[in-house]
Amino acid sequence: MKHLLVAINAKYIHTCLAVRYLKGYVKQCSSLDVDFLEFTINQQSSYLLEEIYRQAPDTLAFSCYIWNIGVVTSLLPDLRKVLPQTKIILGGPEVSFGSSALLSTLPDADYILAGEGEIGYLALLKALESETQLNDVPNLIWRSSQGIRQNAAAPFLSMDELPFPYENLEQLSHQILYYEGCRGCPFDCQYCLSGEDKVLRTKSFEKIRAELDLFLSHRVPQVKFVDRTFNCRPSYYRPIWRYLIERDNGVTNFHFELSADLLQDEDITLLRKARPGLFQFEVGVQSTFEPTLRAIHRSHRVEKIFHRVRQVAELGNIHQHLDLIAGLPLENFSTFGKSFDEVFALHPQQLQLGFLKLLRGSGLDQRREELGLICSSRPPYEILSTPDLSFSDLIRLKDVEDMVERYYNSGRFELSLSHVLSYFPSPFCFFESLSTYWTNQGHDGISHSKESLYDILHDFVRDCFGPDDDLPWLMKFDLYSHENAKKLPQCGQESLFSRYRDRISSFYRDPV
């Protein structure tokens, strides 16, 4: 039998760990024929259908997430028509909760594998190949003569039994490589699924070291650890950092998601030795509003996070991305603005403003009625309103997010932005005002050149506060600090000579 795994990624630069793990685990435990295909959500469904059909698989398994479940379910009816004998399997976080009810709504899917897939996937393939009963296949949800059944869960797999997921690193030089050193999370953040198992499992350092050496020897551009809280245990993360600093190849960047409040003085001392660009940190602040933090079971102390973020920033060698989530319980427009200003004051390289998604099986999803959370009925189940934040407020915050991405996270307006912010009582006030101006001027839904973004910011300041002679020159400096610009924005056309022509002419007429 031929078994095919399918990943449908959000972008071409992404890679899917799940299908690689499943293929590798089956290969190291059996002689079964398993392969995988990777697509993106931006490709036509007809193309996906044709490519899958050409493989003529006996079993077809999809890795399902919030970003691709719509594509997967829309493909199922046509797949069933063109591959009527193929057994179709769904797995992944998007089908791992409420699985029995979900399978009843998907007549063209044969099986769902809930939770971790390695053990259950191999057991299912063996059962299908040998045409034996499915009762003992762990994690399986399936249709029997008695109706839909859900088998017992598989025991947790030892992390050291996971295969190295990448076979041909040379072919992935233009993509982000994801790496998993641990599974689970000791925390109970209510918007997340990682803490559902209440168990944290890690690979041995010996295995991690050998696998990191493969990335380093191939000089891959970036490796993103998908560990939800990388720095939970010093005995786990500190040897990894120390090893990467010692073995640095001068090229590869490693990205980690951290709880900054868990960092210790010893970590700051160690991180000081890292090459600039070796490490990149993503810190989930999410909110600074205490009632919200209690509601989502975030026990961290904000001031301790800020203290450690400042310490890392002072090192000057590590890019930091700080995250906020809009739409969390109890936070309104005003308190979110305060959270924004407090995080912005830390001057991270990226300030990521995200919006709450009510993930299936998460604590907030289970308490949505109690908390009055209303979300979209379609993936990714983004929040539409809360008792404290209306849909209109969320639209305004979406507009703020757009301005933050264009004018802050792009990194192209450093001096200009610093200058313009002095006109406003707070950064959040500036981005909100700019987003309102942007919309009122009809800039929405239009593709803008980088030059036009400077002009729009210049016009915004002029229309709100009058002429500002310094701003065009700061913009020119920002522009030229990123590239040898062949074209200037309209507001930057004036030359020094034209600006000071009369004074220059006067000097040469009477130089004494």
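What number goes with the only condition from (1) touching a Ser or Thr at 6+ places or on another chain (Cβ under 9 Å); (2) over 16 Å from residue 410 (Cα atoms); (3) in a helix (DSSP H, G or I); (4) open to solvent by less than 60 Å² (accessible area, probe 1.4 Å) that residue 433 does not pass?
Tallying (1) touching a Ser or Thr at 6+ places or on another chain (Cβ under 9 Å); (2) over 16 Å from residue 410 (Cα atoms); (3) in a helix (DSSP H, G or I); (4) open to solvent by less than 60 Å² (accessible area, probe 1.4 Å), residue 433 fails exactly one: (1).
The rows are residues; the columns are (1) surrounded by 16 or more Cβ atoms within 10 Å (Cβ to Cβ); (2) under 16 Å from residue 22 (Cα atoms); (3) modelled with pLDDT of 95 or more.
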| site | (1), (2), (3) |
| --- | --- |
| 122 | yes, yes, yes |
| 150 | no, no, yes |
| 171 | no, no, no |
| 174 | no, no, no |
| 178 | yes, yes, yes |
| 186 | no, no, no |
| 195 | yes, no, no |
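Given the conditions (1) open to solvent by 30 Å² or more (accessible area, probe 1.4 Å); (2) among the hydrophobic types (A, V, I, L, M, F, W, C); (3) under 18 Å from residue 284 (Cβ atoms); (4) free of Cβ contacts under 8 Å to residues at least 60 places away in the same chain, report the number of the one that residue 383 does not fulfil.
Failed condition: (1).
Residue check, residue 423 against (1) farther than 19 Å from residue 335 by Cα; (2) open to solvent by 30 Å² or more (accessible area, probe 1.4 Å); (3) assigned to a helix (DSSP H, G or I), all met but one. Which one?
With respect to (1) farther than 19 Å from residue 335 by Cα; (2) open to solvent by 30 Å² or more (accessible area, probe 1.4 Å); (3) assigned to a helix (DSSP H, G or I), residue 423 is out only on (3).
Can you name every one of the strands (runs of 3 or more DSSP E) wholly within region 1-85 that holds 2 or more residues which are closer than 20 Å to residue 177 by Cβ?
Details: elements: 2-9, 33-40, 59-63.
Hits in region 1-85: 2-9, 33-40.
Taking region 284-304, which residues are of a type in the set (A, V, I, L, M) and either in contact (Cβ under 8 Å) with a residue 60 or more places away in the chain or in a helix (DSSP H, G or I) (or both)? Give the steps one after another, and end with the answer.
Step one: list which residues in region 284-304 are of a type in the set (A, V, I, L, M), which gives 285, 293, 295-296, 302.
Within region 284-304, 293, 295, 296, 302 meet the criteria.
Can you name every residue in region 12-69 that is charged (D, E, K, R) and in contact (Cβ under 8 Å) with a residue 12 or more places away in the chain? Explain how you work it out, then say what you get.
At the first step, the residues of region 12-69 found to be charged (D, E, K, R) are 20, 23, 27, 33, 35, 38, 50-51, 54, 58.
Residues satisfying the conditions are 20, 23, 27, 33, 35, 38, 51, 58.
Going by the conditions given, is residue 216 part of a helix (DSSP H, G or I), of a type outside the set (Lys, Arg), in contact with a Ser or Thr (Cβ under 9 Å, 6 or more places away or on another chain) and closer than 24 Å to residue 161 by Cβ? Step through it out loud before you land on a result.
Values: part of a helix (DSSP H, G or I): yes; of a type outside the set (Lys, Arg): yes; in contact with a Ser or Thr (Cβ under 9 Å, 6 or more places away or on another chain): yes; closer than 24 Å to residue 161 by Cβ: yes.
Judged against the criteria, residue 216 is a match.
Across region 343-356, what is the number of residues that are surrounded by 20 or more Cβ atoms within 10 Å (Cβ to Cβ) and more than 18 Å from residue 281 (Cα to Cα)? Break it down stepwise before answering.
Applying the first criterion (surrounded by 20 or more Cβ atoms within 10 Å (Cβ to Cβ)) to region 343-356 yields 343-344, 348, 351, 353, 356.
Now drop any that are not more than 18 Å from residue 281 (Cα to Cα), which leaves 356.
Final tally of qualifying residues: 1.
Each row is one residue, and each column tells you yes or no for (1) out of contact with any Cys (no Cβ under 8 Å at 6 or more places or on another chain); (2) not in a loop (DSSP other than H, G, I, E, B).
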{"site": "186", "(1), (2)": "no, no"}
{"site": "189", "(1), (2)": "yes, no"}
{"site": "192", "(1), (2)": "no, no"}
{"site": "197", "(1), (2)": "yes, no"}
{"site": "210", "(1), (2)": "yes, yes"}
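The values are calculated or read from the model by the stated rules, or taken from the named source; none is laboratory data. Note that the structure is a prediction, hence the values are computed from the model and not measured. Reconstructed Cβ throughout: ideal geometry from the backbone, glycine too, with neighbour counts over all protein chains shown. Side chains included, ligands, DNA and RNA excluded: accessible areas come from the protein's heavy atoms. Shrake-Rupley method; radii C 1.70, N 1.55, O 1.52, S 1.80 Å.
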